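The values are calculated or read from the model by the stated rules, or taken from the named source; none is laboratory data. Worth saying up front: this structure is predicted, and the values here are computed from it rather than measured. Positions of Cβ are backbone-derived with ideal geometry, glycine not excepted, and every protein chain shown enters the neighbour counts. SASA here: full protein model, heavy atoms, side chains in, ligands and nucleic acids out. Shrake-Rupley method; radii C 1.70, N 1.55, O 1.52, S 1.80 Å.
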Amino acid sequence: MYKSIKSAAVLSVAILSLGACNQTSKSNQQKMTDSTSLQAKIPDSSGFTQTIDGKQTHLFTLKNKNGVEAAITNFGGRLVSLLVPDKNGKMVDVVEGLSSIDGYKKAGSSYFGALIGRYGNRIAKGKFTLEGKEYTLFKNNGPNTLHGGKVGYDEVVWDAKQIDSTTLQLTYLSKDMEEGFPGNLNIKVVYHLGDDNGLNISYEATTDKTTVVNLTNHAYYNLNGAGSGTILNHSVQILADNYTPVDSTLIPTGKIEPVKGTPFDYTKPATIGSRIGDANEQLKNGKGYDHNFVFNKHTDTTAVVKVVGDKSGIEMDIYTEEPGIQFYSGNFMAGANTMKYGNKDDHRTAFAMETQHFPDSPNQPNFPSTELKPGKVYKTSTEYKFSVVK
Ligand code: BGC
């Protein structure tokens, strides 16, 4: 297996160099959108070596026996790169990202690759009540709080410990009342790259006061390769008969509605682009897909999401213990940032699949609870597994 990947890689390098000669007359723009011209590689670690708030940041690399590689920085616990083989055995970087911490800081509100907390997605009007006490948060998204507030877990430096060549452990103490959330929350997140080409992210947390917790990862994927253009021809399947419709500020209405007969029906594979332009009130509210899908009853051995890159044949299967997922089709990407491969983060050139409890659960009594009490352990895991369809 390793050998055939290696020889395919050698062959593709040769093809690539030929391609490079032929391309001298092509414009830069054309070069960037041609996925075969991109040589997948992990950014230089120098852009990730800094001291922030007295803590050291780095870029860590995990590698499995098939040559699959993941790069993660402890600044925001961000997944920076993920190199997996395509249908020809060529390594493709499926994660959109930046080449330095400064780049990630500039692109802050996009949350590229980041660990999200204390509360993933929105809390309406930056307020919630717990055990009779009202808590007020910073509103960083119009009238609402998004992804933890002003300084979420995406912008803090996590303590990192590389356990072995395939495992990175990150820990963070989120102090009582940090960003307005009660309780000292001790968090441990472990990234593990399996030999089955699965990237597993497991989360654990304990608190000393009742609080709310909803942790996720906000990687942006393009399965044809970061910087290779639109994701509209990717095919998606989500085992969710229901979703949570939202108002115009993307707060769930509280209803759990069937996807049947709507552009949200991804129970059978369909491309993202096939219905994203439909005249539909919910697509209008989200400016595309930016909604929480409610998984059908499942275990962590069911692939609840399958996405396939039309050009690469790379399939990503998601396994999770979470009840929902935010499918975000990159609607707010606006080409404001220069990414790892020199491309811009143009509209819908990557998508996020954020496994989670439902947005605004602290204010929605009929949604599964996100409360964590002292003495209990928050524990959840999600795996993104890669294979190819020929
Ligand atoms: C949110 C989007 C937001 C994106 C990046 C997603 O989880 O639902 O509305 O634009 O994250 O911030």
With the checklist (1) away from the ligand (no atom under 16 Å from the Cβ); (2) over 17 Å from the mean Cα position of the chain (by Cα); (3) open to solvent by less than 10 Å² (accessible area, probe 1.4 Å) in hand, flag the one item residue 304 doesn't pass. (2)
Look at residue 371 and say whether it is touching a residue at least 40 places away in the same chain (Cβ under 8 Å) and within 18 Å of residue 70 (Cα to Cα). no
If we take the stretch 1-115, then helices (runs of 4 or more DSSP H) inside it with 3 or more residues that are modelled with pLDDT of 95 or more and surrounded by fewer than 16 Cβ atoms within 10 Å (Cβ to Cβ) are 101-106
Here the residues within the stretch 320-342 that are in contact (Cβ under 8 Å) with a residue 40 or more places away in the chain, in a strand (DSSP E or B) and within 15 Å of the ligand (Cβ to nearest atom) are 324, 325, 326, 327
Restricted to the stretch 274-301, and to residues that are modelled with pLDDT of 95 or more and among the charged types (D, E, K, R), which residue is nearest to residue 331 (Cα to Cα)? 287
Please enumerate the residues belonging to the stretch 157-172 that are closer than 21 Å to residue 379 by Cβ and either part of a loop (DSSP other than H, G, I, E, B) or open to solvent by less than 70 Å² (accessible area, probe 1.4 Å) (or both). 158, 160, 166, 167, 168, 169, 170, 171, 172
Residue hits (the stretch 360-390; farther than 18 Å from residue 293 by Cα, open to solvent by 80 Å² or more (accessible area, probe 1.4 Å) and not aliphatic (A, V, I, L, M)) are 371, 373, 375, 376, 379, 390
Out of the residues in the stretch 141-156 that are crowded, with 18+ Cβ neighbours inside 10 Å and in a loop (DSSP other than H, G, I, E, B), which is farthest from the ligand (Cβ to nearest atom)? 156
Identify the single condition in (1) part of a loop (DSSP other than H, G, I, E, B); (2) away from the ligand (no atom under 16 Å from the Cβ); (3) acidic (Asp, Glu) that residue 317 does not satisfy, given that it satisfies every other one. (1)
Please list, ordered by first then second residue, the pairs with beta carbon atoms under 8 Å, 6 or more apart or interchain, first in the stretch 284-307 and in contact (Cβ under 8 Å) with a residue 40 or more places away in the chain, second assigned to a helix (DSSP H, G or I). 289/272; 289/283; 291/282
Which of the residues belonging to the stretch 348-368 are assigned to a loop (DSSP other than H, G, I, E, B), over 20 Å from the mean Cα position of the chain (by Cα) and either within 13 Å of the ligand (Cβ to nearest atom) or in contact (Cβ under 8 Å) with a residue 12 or more places away in the chain (or both)? 364, 366, 367, 368
Give just the number: which of (1) within 16 Å of the ligand (Cβ to nearest atom); (2) without any contact (Cβ under 8 Å) to a residue 60 or more places away in the chain; (3) within 18 Å of the chain's Cα centre (by Cα) does residue 83 not satisfy? (1)
Which number in (1) touching a Gly at 6+ places or on another chain (Cβ under 8 Å); (2) away from the ligand (no atom under 16 Å from the Cβ); (3) not in a helix (DSSP H, G or I) marks the one condition that residue 138 misses? (2)
Tell me which of these residue 164 doesn't satisfy, since it passes every other one: (1) under 18 Å from residue 60 (Cβ atoms); (2) more than 16 Å from the ligand (Cβ to nearest atom); (3) within 23 Å of the chain's Cα centre (by Cα). (3)
Tell me yes or no: at least one residue of the stretch 232-246 is in a strand (DSSP E or B), surrounded by 24 or more Cβ atoms within 10 Å (Cβ to Cβ) and free of Cβ contacts under 8 Å to residues at least 60 places away in the same chain. yes
